[in-house]
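One structure is given here, and the rest of the page talks about it.
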Amino acid sequence: SNFVRKYGNDFDVIVENFLPSTPFFSQFLTETKVILQVQGVMERHAFKKFNPLYSIPMSFFERFYPCLYNRFIFVSDITKEKVISKVKRSIKFCKVIPNGINEDMLKTNPTDADYILFLSRIDIYTKGLDILIKAFEKISLQYPEIRLILAGYEFDKFEKLLSNFPPYLNDKITYSGFATGQEKIKLISGAKFFILPSRHESSPISILEAAACMKPVIVSDIPELDFVQKEGFGLSFASGSADELADKIKLLLDDADKRDAMGRCGRKYAGTFLWDKIALDFEKGLKQVVKK
């Protein structure tokens, strides 16, 4: 905030990343045009995840803070609809610019190792990791050779995730840390398929990365992720249902042809979300704001 107050007028346009936990009020600190970039919204999930002392003010800012702005960039149409429907003032600029992938991922040669992959933040509630472990427990004895690998930043401790499950799962579930670069590409390319059982989401890059590496995807049936099944490169399950997730896991484990077909479809879809193209779209949007 101090930086914007002191130097904001030196810029043609300012993009503020919306974080309801730390609102910057950039709109009122400078005469420069400000765009509010919204990645996603938690809605009711804030009350289920956080202490009321944190969730109540956070939900207040999530609901009302965007109403202070009239220029927006969103990463998905779903999030756009949720936010814009509450904004009563005249909108001067509103654009959906999705997340993307590096072109290198489209050139990988996928293999078919003995593991299923989750790659995202290790956030038990948001990412539905408790549901994933329950589902994996249900199928693990039927498929003794299959492992589950988790990768990503530890928002919650991995040990906490497994604390309420049978000890034998410790030998079948691995945390590989925060993966980047070629390590991440290798991890994705070797998986049988990718799972993201989130309770709420915005526009996860990991899904596009898995698709680019020709890996089918299983996701929860929340609106933000319905494109996975609609575009034909994955399956969805009823959010919160470990039983249904287990059934979808078994379906893909038993059908290599389906995995291959979905993988090919996913690579085609992911190829339309390259960072170079998205950067040009972003630049075009910024120029539109400056000119108006």
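Structural remarks
- Candidate set: the stretch 54-97, residues that are within 20 Å of the chain's Cα centre (by Cα) and assigned to a loop (DSSP other than H, G, I, E, B); chosen: the one surrounded by the most Cβ atoms within 10 Å (Cβ to Cβ): 76
- Residue list for the stretch 122-135, filter: in contact with a Pro (Cβ under 6 Å, 6 or more places away or on another chain) and either of a type in the set (Gly, Ala, Ser) or open to solvent by 20 Å² or more (accessible area, probe 1.4 Å) (or both): 128
- Long-range neighbours under 7 Å by Cβ, at least six apart or interchain, first residue in contact (Cβ under 8 Å) with a residue 24 or more places away in the chain and closer than 13 Å to residue 33 by Cα within the stretch 1-12, second in a helix (DSSP H, G or I) and open to solvent by less than 100 Å² (accessible area, probe 1.4 Å): 4/26; 12/290
- Candidates 169, 119: the one that is out of contact with any Pro (no Cβ under 8 Å at 6 or more places or on another chain) and crowded, with 17+ Cβ neighbours inside 10 Å is 119.
- Residue within the stretch 23-35 that is exposed (fewer than 14 other Cβ atoms within 10 Å of the Cβ), touching a Leu at 6+ places or on another chain (Cβ under 9 Å) and of a type in the set (S, T, N, Q) present: no
- Condition broken by residue 102, with the remaining ones in (1) modelled with pLDDT under 95; (2) farther than 25 Å from residue 280 by Cα satisfied: (2)
- Here is the figure for the stretch 242-292: residues that are outside any helix (DSSP H, G or I), open to solvent by 60 Å² or more (accessible area, probe 1.4 Å) and either over 15 Å from residue 212 (Cβ atoms) or in contact (Cβ under 8 Å) with a residue 60 or more places away in the chain (or both) total 2.
- Residue among 159, 145 that alone is in a loop (DSSP other than H, G, I, E, B) and open to solvent by 80 Å² or more (accessible area, probe 1.4 Å): 145
- Test: residue 5 is under 27 Å from the mean Cα position of the chain (by Cα), among the basic types (Lys, Arg) and open to solvent by 40 Å² or more (accessible area, probe 1.4 Å): no
- Among the residues making up the stretch 182-223, those that are farther than 21 Å from residue 244 by Cα, charged (D, E, K, R) and touching a strand residue (DSSP E or B) at 6+ places or on another chain (Cβ under 8 Å) are 184, 209.
- Residue in the stretch 51-64 that is out of contact with any Asp or Glu (no Cβ under 8 Å at 6 or more places or on another chain) and under 23 Å from residue 291 (Cβ atoms) present: no
- Of all residues in the stretch 162-198 being of a type in the set (S, T, N, Q), part of a loop (DSSP other than H, G, I, E, B) and closer than 26 Å to residue 262 by Cβ, the one that is modelled with the lowest pLDDT: 180
- Extreme residue, nearest to residue 193 (Cα to Cα), among residues of the stretch 219-241 that are touching a residue at least 24 places away in the same chain (Cβ under 8 Å) and surrounded by fewer than 19 Cβ atoms within 10 Å (Cβ to Cβ): 232
- From the options 130, 123, residue that is within 30 Å of residue 164 (Cα to Cα), in a loop (DSSP other than H, G, I, E, B) and within 18 Å of the chain's Cα centre (by Cα): 123
The values are calculated or read from the model by the stated rules, or taken from the named source; none is laboratory data. Model, not experiment: these values are computed from the prediction. We place every Cβ from the backbone using ideal geometry, glycine too, and count neighbours over all the protein chains shown. For accessibility, only protein heavy atoms count, side chains too; no ligands or nucleic acids. Shrake-Rupley method; radii C 1.70, N 1.55, O 1.52, S 1.80 Å.
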